[in-house]
Amino acid sequence: MIERFTDHSANERTYLAWIRTSISIMALGFLIEKFELFVSYLSEKNGIENQFESSIFVEFMGLGLFLIGVIIIATATVRFYIYKSAIESETFHPYSVKSMNLLLSSLMIVLAVFLFFYIGHQFLF
């Protein structure tokens with residue numbers, strides 16, 4: 001049996017949760033980018049004026065979400081190996097909040113607020 005198996009398996013489950021989250025974030029970025037193209041194609045095909053004008057901000061939003069997903073994968077991988085070595089060592093390691101986690105959370109909040117106002121602006125005007 002692996003020594004401290006429950007700690008190692010909890011670390012691996014956390015790592016896989018981060019990977020699933022990052023894939024979802026990247027898929028959302030891809031969806032935002034392609035949905036704008038889909039709406040403009042449908043409006044052109046049906047002869048309707050496109051109410052959702054193409055915006056450079058939407059392209060940056062999609063690319064930003066994809067980039068955040070990649071950063072989360074890299075951060076999760078580094079975190080996984082740091083905690084793996086901490087679990088295997090015999091020394092005490094205090095838990096602390098990492099600045100990268102706070103940065104990624106802040107980026108997601110900024111992107112969510114921007115997307116909220118962008119969608120609200122499209123429907124109101």
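Here, each number is a calculation from the coordinates, and none is a lab measurement. Being a predicted model, the structure only gives us computed values, none of them experimental. Cβ placement follows ideal geometry from the backbone for every residue including glycine, while neighbour counts extend to all protein chains displayed.
Would you tally the net charge around L63, using a Cβ to Cβ cut-off of less than 15 Å, leaving L63 out, and scoring K and R as +1, D and E as -1?
Charge balance near L63 sits at -2.
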Expected unfolding gain across S96-A17 under the 0.36 nm per residue rule, minus the alpha-carbon gap, is 26.5 nm
Simple spin-label estimate for A10/L103, 7 Å along Cα→Cβ, in nm, reads 2.7
